[in-house]
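Contents: one structure, followed by commentary.
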Amino acid sequence: MFKFKWLRLLGILIICFMVTGCSTNNSNQQDNEPNQGTQVEEKKPDTKLESDKDLAKQLEAEKGIESVMVQVVEGEQRAVNVDIVVNNEQELTADQVIEKYSTVIKEKYPDRTIDIIIVKEGKLIKQTTLK
């Protein structure tokens with residue numbers, strides 16, 4: 001009988017420790033989650049993305065160019081992203097297209113990294129980054 005009372009008391013104590021131990025872990029995790037979110041927000045750089053429609057129209061006027069998208073990235077890493085979709089009328093190779101139009105882009109944005117993507121019939125033909 002004496003052993004049974006001790007086992008019951010010991011069982012109740014173990015259950016109490018488990019309940020209080022689990023509840024404190026949950027509250028610590030909830031307290032830590034907002035802090036992790038604010039830390040991530042603090043690390044985000046100020047990046048602004050704009051498009052240059054004038055340059056896009058200038059490049060689209062060329063023979064063999066179906067469409068052009070020009071994105072100008074402002075912030076810590078200043079860059080220009082250019083997506084050029086060529087059609088079957090394009091007589092130049094992908095390397096020649098990059099060489100030809102990179103000079104035009106560099107004239108307008110000389111101090112930026114330039115990323116040029118050439119696409120034909122929905123497939124990536126060539127991607128180049130020029131510094």
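Observations, loosely collected:
- Subset tally (residues that are closer than 15 Å to M69 by Cα, β-branched (V, I, T) and surrounded by fewer than 20 Cβ atoms within 10 Å (Cβ to Cβ)) for the range 92-104: 1
- For the range 46-91, the set of residues classified as at pLDDT 85 or above, polar (S, T, N, Q) and surrounded by fewer than 12 Cβ atoms within 10 Å (Cβ to Cβ) consists of N88 only.
- Residue pairs whose Cβ atoms lie under 6 Å apart, sitting 6 or more positions apart in sequence or on different chains, and linking a residue in the range 45-58 that is touching a residue at least 60 places away in the same chain (Cβ under 8 Å) to a partner that is assigned to a loop (DSSP other than H, G, I, E, B), do not occur here.
- Number of the exception - T129 against (1) touching a residue at least 40 places away in the same chain (Cβ under 8 Å); (2) in contact with a strand residue (DSSP E or B) (Cβ under 6 Å, 6 or more places away or on another chain); (3) surrounded by fewer than 16 Cβ atoms within 10 Å (Cβ to Cβ): (1)
- Residue list for the range 63-104, restricted to those being of a type in the set (A, V, I, L, M) and either in a helix (DSSP H, G or I) or over 18 Å from D52 (Cα atoms) (or both): V86, L92, A94, V97, I98, V104
The values are calculated or read from the model by the stated rules, or taken from the named source; none is laboratory data. As the structure is a prediction and not an experimental result, all values here were calculated from the model. Glycine also receives a Cβ, built like all others from the backbone with ideal geometry; neighbour counts cover every protein chain displayed.
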